[in-house]
Amino acid sequence: MSKTASVLTTTLLAALAGASAQAQDRAAAELRPDTATFAYQSAVVPAPPGWKGPTFKLAHDYPSKDPGACPKSECTWLDLHVDFTLPLNGPAPTWGAPWSDYIARVLDYVKKGQDEALRNEIGWKTTVGSENRWFHVPWMAYDPTRGREYVHGMTNERTATLSDFGEDVELDRGVSKLLLADGSESNQFFETWAFGIYNRWGAYAIGRSIDRGGVPQTGNYGGVAVPAGLPFPEGTVVAKLLFTTATPKDVSYLKDSPAWQTDRHVQKGDMFLCERKVADVHLIQLDVAVVDSRSPTRWVFGTFAWNGNKPGKSAWDKLEPVGLQWGSDPWTFPAVAQSGSIPAHESVLNKAIGTPQHFGCNDRLAGPVDNKLSSCLSCHGGGYAPPVGLAATPTTTPPIFGYAGQCAVNSVDNAQYFSNTQFPMAYTGGQYSNLLSMDTSLQMQVAFEQYGQYKQYGQPVACKASK
Ligand code: HEC
C-alpha cells in the first residue's frame, strides 16, 4: 500500500470508529473487497438474467448483542424432563414420551411462521413476523463443486468421488442410494442437496467467530485456542432441510413431497458433471440439532423423514421423527468388541416409523440419505478445522466421510469415530493436533476451511466431474 493510501485508510478507520455497524461493514468490505465478497456472496453462480424463480439471499446480519438465556416459552424442549445419562446396565431407551415430545417441541420451534405446504415459491423464510429468526453460515458459496446454488442456497456435500471407495459404499450425504418402499435398496445413486439455518443464539456465535470482513477469528477457552464465538450457547437451534433428486416414481413414499428447484449438477449416466442446471428436488429429510447442557456432548441431534402416506393437512404433518441422538455410544460395537458391547443408550430410534429406514451404525441414529455405517454425532464429532488461513488436506482432519472397516470391526478408527467429545476437546486419539474445534458444526468447518483455501491458494479447488 502507498503511504498516501495507508494514511487515508487510517483516517477512514478513525472516522469510522464511532460510526454505525453498517457503515463499519461497508468500510470493512471496501478495505478487503475480495475476502468479504467471497465470504458473504449468496451463490457460487448468480441467477442468470431473466431468471424469474426464487432467488436465495444470504442472511448474515448476525446479532451483535448476546441474546442471553433462551426463555422457557421459546426453548420449550429445555424445560422438558429427559434423562440423557440412563444407567448403562439398565434398558436402552425406547421411542415414545418424553423423546417424541422433545423432538416435537423442537419441530414446533423450527416450523414457526413457515409455509404450511413448504412451497418452492415461498422457500425458507429467514424473517418471521418482525424477527430475524434464521441465519446462514458464510463462505459456503466459494467452492464451485458443492457451494451454494442461487435458487434456495442449497449445497451438495460430495467431497470425495464414489469410485475412490468402491461402488457399494455410500460415502457421504452428497450422493446416496435410497431404501425403496419394499425395503430393498435402489440400484442407482441420487444426489442430495440441502441448506442449513441457525437461529439467533447460533448466529451470535457465528458472527463472533467470523468477522464482517469474512476472516475467521480465534479466542481462548480455558487456555485452548478456539473460534472466538464458540462454543454455541444453549438456546442454539440448527435445522437442515435435505432434498433428493429421486422422485415419487423412484421412491413411492416421497408422494406429495414438496418439490423445490435447485441449480444442481447435470447427470449423465452415472456421472455427475460440474455443469449445473435447474431441476426439481424433493424434500426427504429434516435434521435438527440443539445445544442442551444436560447432554453428555452438550448436543442433541434429531431427524425426520418424509412419509407421503401419512395423513395430514400440512407438509409438516408428513415429516415423521426417525429418532434422537445425544452421544456416539462408545460402549457399543464397533467402538468396543462385540463381546463387550451393550445396546446403544445414546440414540433412541422410532422403529415403527412406517417408511423403510436403515438408521445408522448398530442402532445409532442416521437418516434416510445418511451413510448407514455412520451416525449424526459420530460424523459431526469430527468437526475440526486446521489453524486459520490453512487449507484442509485429506489427512489433516478426521475422516468423517468414511474409512476402511467403518462400522465393521472393532478398530482404532471405529473407537475414535464412535467416541464422545465435548468442546473444546481435541479429536480422540491425538493424531490430529492443533486443530480448532468447531463444536460439531460441519458448516463452520466448511467456512474455516474455505477461508484457508482462499488465503493459501487465492482460489477454490476446481470442480471435477465424478461418478
Ligand atoms: C457422514 C457425515 C454426516 C452425517 C452422518 C450427518 N451429517 Fe449433518 N452434516 C454433514 C456435513 C458435511 C454438513 C455441513 C455441510 C453442509 O451443510 O452443506 C452437515 C450439516 C448439518 C447441519 C447444519 C449445521 C452443521 O452442524 O453444520 C445439521 C443441523 C446436521 N448436519 C444434522 C445432522 C443430523 C441430525 C444427522 C443425523 C440424522 C446428521 N447431520 C448426519 C455431515 C453429516
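Of everything listed in (1) at positive phi; (2) modelled with pLDDT under 95; (3) within 11 Å of the ligand (Cβ to nearest atom), the single unmet condition for G153 is (2).
Which residue is surrounded by the most Cβ atoms within 10 Å (Cβ to Cβ), if the candidates are limited to segment 328-355 and must be on the phi < 0 side of the Ramachandran plot and within 23 Å of the chain's Cα centre (by Cα)?
Going residue by residue through segment 328-355, those that are on the phi < 0 side of the Ramachandran plot are 328, 330-353, 355.
In the following step, the residues that additionally are within 23 Å of the chain's Cα centre (by Cα) were identified as 328, 330, 346-350.
Values: S328: 32, P330: 15, E346: 29, S347: 28, V348: 26, L349: 24, N350: 23.
Only one residue fits best here, namely S328.
Reported count of residues in segment 361-384, each being of a type in the set (S, T, Y), near the ligand (Cβ under 7 Å from one of its atoms) and touching a residue at least 60 places away in the same chain (Cβ under 8 Å), is 0.
The strands (runs of 3 or more DSSP E) falling completely within segment 185-271 that include 1 or more residues that are within 19 Å of the chain's Cα centre (by Cα) and surrounded by 17 or more Cβ atoms within 10 Å (Cβ to Cβ) map to 190-198, 224-227, 237-244, 259-268.
Taking the condition more than 14 Å from T303 (Cα to Cα), of a type outside the set (F, W, Y), out of contact with any Asp or Glu (no Cβ under 6 Å at 6 or more places or on another chain) and within 12 Å of the ligand (Cβ to nearest atom), does S339 pass?
No, not satisfied.
Would a scan of segment 368-384 turn up a residue that is assigned to a loop (DSSP other than H, G, I, E, B) and aromatic (F, W, Y)? The answer is no, given that none of the residues of segment 368-384 is assigned to a loop (DSSP other than H, G, I, E, B) and aromatic (F, W, Y).
You will find that of V290, V278, V300, the residue that is surrounded by fewer than 23 Cβ atoms within 10 Å (Cβ to Cβ), in a strand (DSSP E or B) and among the β-branched types (V, I, T) is V278 and no other. Which residues, taken from segment 282-305, are within 13 Å of the ligand (Cβ to nearest atom), closer than 12 Å to K318 by Cβ and over 14 Å from the mean Cα position of the chain (by Cα)? Hits for segment 282-305 are I284, F304, A305.
If you go through segment 345-360, how many residues are within 14 Å of the ligand (Cβ to nearest atom) and assigned to a loop (DSSP other than H, G, I, E, B)? Spell out the reasoning first.
Quick first cut of segment 345-360, residues within 14 Å of the ligand (Cβ to nearest atom) only: 346-350, 353, 357-360.
Filter once more, keeping what is assigned to a loop (DSSP other than H, G, I, E, B): 346, 350, 353, 357-360.
Qualifying residue count for the region: 7.
Tell me the helices (runs of 4 or more DSSP H) entirely within segment 1-119 that contain at least 2 residues that are modelled with pLDDT under 95. Reasoning before the result, please.
Values: elements: 3-16, 21-31, 33-40, 99-111.
Of the helices (runs of 4 or more DSSP H) lying wholly inside segment 1-119, those with at least 2 residues that are modelled with pLDDT under 95 span 3-16, 21-31, 33-40.
Given L390, L324, which one is within 15 Å of the ligand (Cβ to nearest atom) and of a type outside the set (S, T, Y)?
On the way: L390 fails: within 15 Å of the ligand (Cβ to nearest atom).
Of the residues listed, the single one that is within 15 Å of the ligand (Cβ to nearest atom) and of a type outside the set (S, T, Y) is L324.
Is it the case that segment 409-420 has a residue that's within 15 Å of the ligand (Cβ to nearest atom), at pLDDT 95 or above and touching a strand residue (DSSP E or B) at 6+ places or on another chain (Cβ under 9 Å)? Within segment 409-420, not a single residue is within 15 Å of the ligand (Cβ to nearest atom), at pLDDT 95 or above and touching a strand residue (DSSP E or B) at 6+ places or on another chain (Cβ under 9 Å).
The values are calculated or read from the model by the stated rules, or taken from the named source; none is laboratory data. All values derive from a computational prediction rather than experimental measurement. All Cβ positions, even for glycine, are placed from backbone atoms using ideal geometry, and neighbour counts span all protein chains on display.
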